[in-house]
Amino acid sequence: MKKSYEEKLPECEINEIHEKAIKSVMAECYTEEEMIELAELYKIFGDSTRIRILSALMKEELCVCDIAEILKISVSGVSHQLRILKQARLVKFRRDGKTVYYSLADNHVKTIIAQGAEHINE
């Protein structure tokens, strides 16, 4: 059973600043720009249609028509999502005559999806 987000979390009983820990963390933090870019990347993964497309592309490169058939959505719907995924550098394409095949941009994308799935299945 999932825990309620309104559950009260334990808090410190005293207000004490741990300077050494703070300095250590601050020295290793991402820059503000990096955090914004990272948040934008994870927003892309916040859409189940895009996750379904990436999941299909983990198995094999596919054309838009193939993806539309697998997902049971329109070709234009798939094209729209692929455009977003391409802009985020999560997918790439290659032409073969009149057909355009899409695939994952690199193994990092596969790792992100696999680790997310592993996390929710723990």
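Values in this text are rule-based calculations from the coordinates and carry no lab data. Small disclaimer: the values here were computed from a predicted structure and weren't measured. Don't worry about glycine lacking a Cβ; one is built from the backbone with ideal geometry, like all the others, and counts go over all protein chains shown.
Applying the selection to the stretch 41-71, what residues are of a type outside the set (A, V, I, L, M, F, W, C) and closer than 15 Å to Lys86 by Cβ?
Residues satisfying the conditions are Asp47, Thr49, Arg50, Glu61.
For the stretch 15-122, give me every one of the helices (runs of 4 or more DSSP H) that falls completely inside it and has 2 or more residues that are in contact (Cβ under 8 Å) with a residue 24 or more places away in the chain, surrounded by 11 or more Cβ atoms within 10 Å (Cβ to Cβ) and on the phi < 0 side of the Ramachandran plot.
Answer list for the stretch 15-122: 32-44, 48-59, 64-71, 75-87, 107-120.
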